[in-house]
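Everything below concerns the one structure shown next.
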Amino acid sequence: MSEESAETIEKCRYPAYRAALKCNFPQLEDVFDNCMDEAVKSLSEVGMQAYLEGASLVCMIGRGFEPVLVYLEEVPQICRHVGEQAASLIAQSVWKISRTPNGVSILSFLQALPSAARRLQSRESFDHFIEIIFDFMESTTGSIHGIHTTIPSPALTDLLDSTPLLLSQISLEGLKNWVDYGVLYYSDHPERQKEYFSLQSADSRAILQRERHGTLFADNQRRLDMYLKALWNEKEQLVPYSMGFEEKTRPQPYFDSMGMRIPDVLDDSEAGVSGLDRYRATLAHMSAHRRWSDKIVVDNYSPFQRIGIECLEDCRVDTLATRRFPGLYKLFMALHPQPVEDACDEENESCIRHRLTMLSYACMNRHHHYKNPDISEFADRFHGIMADGESSLKEMASLAVSFIARTRKQADQSPNVHFTDTDIDYRDDNRHLWIYIEESDDEEMFNREEQRRVDEETFELPPRHYPEWDYRAKNYRPDWVSLYENLHPSDSPSKIDDLLKKHAALSKKLKRLLDFLKPQNSVRIRFQEEGTDLDLDVAIRSLIDYKSGVTPDPRINMSHRHDGRNIAVTLLLDLSASLDDIPDGCTQSILELSQEAVALLGMAIDELGDPFAISGFSSNTRHQVRYQHIKGFSEKWDDEVKARLAAMEAGYSTRMGAAIRHAGHYLSHQRSDKKLLLVLTDGEPSDVDADDQYLLIADTAMAVKELDQAGVYTYCINLDPDADEYVRDIFGNQYTVIDKVESLPEKLPRLFMALTK
């Protein structure tokens, strides 16, 4: 640093900040202190660092002092509206523009940002705005030879200059549509392009008028703030989001630690409810959740159960809101769809959303006209619960689980979902209801303090870490999954004995079949300290030695093993939450049917004398795969094992790859010539932290391939009627799909016998 620069820094009121700004324009010294006065009011120390680093970057682009001045003056105000991260984004954006032929538009770009930030009021929307500008720039910047961009965009500056007017009249989605129209029709006509984006052409004004619709949040923010304060005593920040940037899903309102998220524009409803009243209904619903809703652990429920819980909890808080403000009832019911009772084809469509929307309407309107007895019964039960007071999320969860169990159909698994009249768009997405036991790298966390709760279950053994195959990267994620193993809790073994008595006739048939599979040749194994029979020759010799004062040989027993059948078997059970579901036409859950089937299979394998083990698994993100031992290879089929089998419970998710690898680890250490891993499951691999469902399918397929290479034969018994869509990708031809789950107790032992002949 020169002496002159050091002296200049010492003279200013913010020497540390001046030293951090790598910029030596002489004009800077006249305005620096004033800029810092404003910046320190708006930015934290971290924000100041990013702000000054950004200013240094803008100084380096070679466009003179004016862009630096605009940056220093405007960015603190921008950050106040959309967050401190905007400082780095703006600087990087300016740098990118400077690397193109559009450097002349940098000043217009910087001058357009303050009005955009004031209008948009959220970092997400601000990012989308810059995305629109860059998409436009890239699509309209030309090239002489079609290789390097050499011709600047003819209308970029015009677009930026028009931005304040445009955003005052249309939403961000409307701006995107307006820009896309101009690019589509005028990209090859520079002069007409300039006319369009400077709002000089009739076409541009016509399209602008077309996109002017609905009630803009920006025009009504103050009124909505006052509404929240007056009625609900809420001071939460309202954060708008754009509806035009989600290609796969339609965004829903939600709230988190950053504020209450609502659309940036709402049209009047078909029922005649104004956009402003729609905003009020949404804010009233979310405020009711904030006042009366608790939280519940997400992993304890299946996806269908979660949808049902959210539906009934929405009805509960809406009911409480209308008790406090009766005028809300008319507004809520005007926005609530009224599904036609027989509109959904329950044989060919998934009707879960349709049924729950009918239930929601019946819960909100006692005078509904639905004839479905289940809808009427559960609506009455809801009204009965609410008549006693405020009720709770826990009671709604219990009611929802019962409703789903009662009404679930086979076709609910169909990808053909019925969506007509099922969108209750004033309600939020209910992310605030759920607690995730443990954070993961892949899931969005909504309330981190709650999410960091430690699972109450303790494990005796340290975790075993397994890799997970990433099909996108075509490589393993090393030590990605933590697997905890423990001994399964016990219950009364008499439950299993009762199940075997229930299937006494089937047991007799199986035993007759087993006689044909039993090896007829047996080999005597002598000199055993423990065995099934006394070896007389060795026993007499040991007695003579004892009488003679010589230490006798303690190996006086012998045992027998069958010669001709040398196979070890592991039965791996999926114990995820979906096993609590009751299939159509059944009176028992999948878990109860699985217990019966495993009890019969255990009896059968024990009769054959094959070494076998039984284990169950479930998962709660990659950080906690639970592997529970029900029977070990060295254990006998006795009351202790039956007691563990009787205590089987379903819960959590199905991260299958790690469980298969762990089961294969134990099975591969058996001395048998043949090793068979039987996997019993009711669905595809899944977990709460896996957004890409095929990721776990591909990993499980790789786990099966690994065991094949290790000499372990893996076979899947799948209870999902739609399993053909994915099970072949995992197990190849090594699977059986059992469509009628109620036949599982009979089919599972027979399938085992067929595999081990």
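If amide hydrogens are placed 1.01 Å from N in the peptide plane, which non-local residues have theirs closer than 5 Å to the one on S619?
HN-HN under 5 Å from S619: R626, S653, T654, R655.
With +1 assigned to the C-beta of every Lys and Arg and -1 to the C-beta of every Asp and Glu, and no other charges, what is the dipole magnitude of segment 150-218 about the Cα centre in debye, to the nearest 20? Could you put the intermediate results ahead of the total?
Details: 6 positive and 9 negative charges, 37 e Å.
It comes to approximately 180 debye.
With the dipole of the chain worked out from charges on the C-beta (+1 for Lys and Arg, -1 for Asp and Glu) around the Cα centre, which of F65, Y476, S198 lies farthest toward the positive end?
My answer, from the dipole projection, is Y476.
Over 28 Å between C-alpha atoms is what I'm after, so list which of K371/K409; K295/K740; K229/K295 land there. Display every interim value, and only then the final one.
Numbers: K371/K409 18 Å; K295/K740 37 Å; K229/K295 24 Å.
Checking Cα-Cα distances, K295/K740 exceed 28 Å.
Find the percent of Cα-Cα distances in segment 109-256 that exceed 21 Å, and round it to a whole number. If you can, show how the numbers build up before the last one.
On the way: 5342 of 10878 pairs.
More than 21 Å apart: 49 percent of the Cα pairs in segment 109-256.
Hey, can you grab everything whose amide H is under 5 Å from the amide H of R261? Only 5+ residues off in sequence or another chain; H modelled, so Pro and N-termini drop out.
Result for R261 returns V239, Y254, F255, D256.
With charges set only on the Cβ (+1 for Lys and Arg, -1 for Asp and Glu), what does the dipole of segment 3-213 come to about its Cα centre, in debye to the nearest 20?
Working: 18 positive and 29 negative charges, 100 e Å.
My answer is approximately 480 debye.
Could you tally the net charge around G327, taking each other residue with its Cβ under 11 Å from the Cβ of G327, Lys/Arg +1 and Asp/Glu -1? Could the numbers behind the result be given before it?
On the way: positive: R280, R324, K330; negative: D277.
Taking every Cβ under 11 Å from that of G327, the sum is +2.
Relative to the longest principal Cα axis of the chain, at what angle does helix 172-186 sit, 0 to 90 degrees, rounded to 10?
70
Of the listed values (1) 1.28; (2) 0.99; (3) 1.10, grab the one calculated as Rg/Rh (Cα atoms, Kirkwood Rh) from the structure here.
Calculated Rg/Rh (Cα atoms, Kirkwood Rh): the matching label is (3).
Do any trypsin sites (Lys or Arg not before Pro) in segment 601-659 lie in a loop, going by DSSP, with at most 16 other beta-carbon atoms within 10 Å of their beta carbon, and if so which?
Numbers: sites: R622, R626, K631, K636, K642, R644, R655; in loops: R622, K636, R655.
Those satisfying the criteria are K636.
Starting from the amide H of W480, placed 1.01 Å from N in the peptide plane, find each other amide H under 5 Å away whose residue is 5 or more places distant or on another chain.
Long-range HN contacts for W480: Y466, E468.
Towards the positive end of the charge dipole of the chain, with charges on Cβ (+1 Lys, Arg; -1 Asp, Glu), say which of N718, L676, H289 has the farthest Cα.
Result: L676, furthest along the dipole toward the positive end.
So which trypsin sites (Lys or Arg not before Pro) in segment 341-390 pass both tests, a DSSP loop state and at most 14 other Cβ atoms within 10 Å of the Cβ? Kindly include the intermediate steps, with their values, before the conclusion.
Values: sites: R353, R355, R366, K371, R381; in loops: R366, K371.
Those satisfying the criteria are R366, K371.
Run the dipole for the chain about the Cα centre, Lys and Arg Cβ at +1, Asp and Glu Cβ at -1, nothing else charged, and hand back the magnitude in debye, nearest 20. Please list the in-between numbers first.
Numbers: 85 positive and 125 negative charges, 252 e Å.
Here the size comes out at about 1220 debye.
Under a Cβ-Cβ limit of 4.7 Å, which cysteines in the chain have nobody to pair with?
C12, C35, C79, C311, C586, C716
When DSSP assigns beta bridges and you keep just the ones with both residues in the chain, what percent turn out antiparallel, to the nearest 5? Show your work: numbers first, answer last.
Values: 28 of 62 bridges.
DSSP beta bridges in the chain are roughly 45 percent antiparallel.
Could you work out the local net charge near E310, counting Lys and Arg as +1, Asp and Glu as -1, over the other residues with Cβ closer than 15 Å to its Cβ? Walk me through the numbers before you get to the answer.
Details: positive: K295, R306, R316, R353, R355, K394, R427, R431; negative: D294, E313, D314, D318, E395, D423, D425, D428, D429.
Combined, the nearby Lys, Arg, Asp and Glu give -1.
Every number here is computed from the coordinates shown, using simple stated rules; none is lab data. Here the structure is a predicted model, which is why all the values come from computation and not from measurement. All Cβ positions, glycine included, derive from the backbone under ideal geometry; neighbour counts span all protein chains shown.
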